[in-house]
Amino acid sequence: MRMPLASRRPQTATILLDRALEALPLFRLSDSADDGAMQFAPAGGGRWRVLPAPGDRLPGTFDQDVYVELLHRFHEAGCPEDGVLTFTLHAFLRSMGRKADGRTYEQLRAALARLERTTLESSGAWYSATEGSVVDATFTVLSAVVIERRRAGDQEQLALFPAFAAHEPGDARIVLAPPLRANIGAQHVTTLSATRYQQLASPVARRLYRLLAVLRADGAARWRAPLDRWAEQLPLSQRYPSHLQRVLQPAHEMLLAAGIVREAAIRQEGKEWGVEYVMKRDS
């Protein structure tokens, strides 16, 4: 029996994200496969690790967009206490602004599986709003993923309705993990505009938007950081300032054009390189 789909709710342009997780690196911002662990040491102490499942790679650029769309739908659904979301893969891809075809269906399946199987490990690095402090914890973004293919008879019927694709592969039921739900429920969140997020054309610009939303939620009007630390937090694989400039400059221009920041600059002072942002409060 096919899983029931959630009833339609009024669409909202707002995305709520776990503010603590947003401050930590999770998604690689290049398409190169990387099956090694990601590590990050926050300025306040502790250690954060992202551990891929055996035989898989770290979450990447497509996975970042899937994660944001899941949290968008979670907010649209009224933040259900059990964390359950149901949707068709076709509708999910279309709402991400992606073409729904065999390749993207497989990408989506793989991304959902990765978000369920990639281990996030905090040693005094991730903040729990329910505990009121940074904690030692191990969790995943999704605690369950079930994708049920449509029966052959249903697929034949889909061809009669132009609003559906005949090759629609099925329905998904996912559960957002309790640690993320708890922080969102406690309003320890950042907010994004779904429209602005999709308008940003690069994965780096989208990640910068997410990270700058953390700074805005923390009340920062102007933010400066060493360039190498900023690269680790995003994360970026490039290490030389000239290489980082080539990656960040186009993303900065997108943020400025979208009205997310008033200023974005990379500056050298003596031998040190840094980034500086001036926030826009209505972004």
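The values are calculated or read from the model by the stated rules, or taken from the named source; none is laboratory data. These numbers were taken from a predicted model, which means no experiment stands behind them. We place every Cβ from the backbone using ideal geometry, glycine too, and count neighbours over all the protein chains shown.
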Exercise for the section: Determine if segment 217-225 includes at least one residue that is assigned to a helix (DSSP H, G or I), touching a helix residue (DSSP H, G or I) at 6+ places or on another chain (Cβ under 9 Å) and not acidic (D, E). Expected result: yes
Exercise for the section: Inspect segment 225-246 for any residue being within 15 Å of L211 (Cα to Cα), aromatic (F, W, Y), surrounded by 13 or more Cβ atoms within 10 Å (Cβ to Cβ) and not assigned by TED's automatic domain parsing to the domain that holds F27 and give the result as yes or no. Expected result: yes
Handout entry: Complete set of residues in segment 28-41 that are under 15 Å from S122 (Cβ atoms) and at pLDDT below 95
Key = A37
Completion exercise
Restricting attention to segment 96-149, the residues that are closer than 26 Å to R196 by Cβ, at pLDDT below 95 and of a type in the set (G, A, S) number exactly 2
Practice task
For D35, work out the one condition from (1) part of a loop (DSSP other than H, G, I, E, B); (2) in contact (Cβ under 8 Å) with a residue 24 or more places away in the chain it doesn't fulfil.
Solution key: (2)
Practice task
Could you list, in sequence order, all residues of segment 180-203 that are over 18 Å from G259 (Cβ atoms) and touching a residue at least 60 places away in the same chain (Cβ under 8 Å)?
Solution key: L180, R181, N183, I184, G185, H188, V189, P203
Practice task
Mind listing just one residue for me: the one in segment 43-70 that is aliphatic (A, V, I, L, M) and in contact (Cβ under 8 Å) with a residue 60 or more places away in the chain and, of those, surrounded by the fewest Cβ atoms within 10 Å (Cβ to Cβ)?
Solution key: A43
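Only one residue in A182, A213 is touching a His at 6+ places or on another chain (Cβ under 9 Å), in a helix (DSSP H, G or I) and among the aliphatic types (A, V, I, L, M). Which one?
Matching residue, one of A182, A213: A182.
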Handout entry: Search result, residues across segment 151-172 that are touching an Asp or Glu at 6+ places or on another chain (Cβ under 6 Å) and at pLDDT 55 or above
Key = G170, D171
Practice task
Please work out if R19 is closer than 23 Å to D136 by Cα, surrounded by 13 or more Cβ atoms within 10 Å (Cβ to Cβ) and either among the polar types (S, T, N, Q) or at pLDDT 95 or above (or both).
Solution key: yes
Completion exercise
Of those in segment 177-193 that are in contact with a Gly (Cβ under 9 Å, 6 or more places away or on another chain) and not hydrophobic (A, V, I, L, M, F, W, C), the residue surrounded by the fewest Cβ atoms within 10 Å (Cβ to Cβ) is P178
Practice task
Tell me which of these R239 doesn't satisfy, since it passes every other one: (1) touching a residue at least 12 places away in the same chain (Cβ under 8 Å); (2) part of a loop (DSSP other than H, G, I, E, B); (3) more than 23 Å from A20 (Cα to Cα).
Solution key: (1)
Handout entry: From the options P54, P25, residue that is assigned by TED's automatic domain parsing to the domain that holds S143, at pLDDT 95 or above and assigned to a loop (DSSP other than H, G, I, E, B)
Key = P25
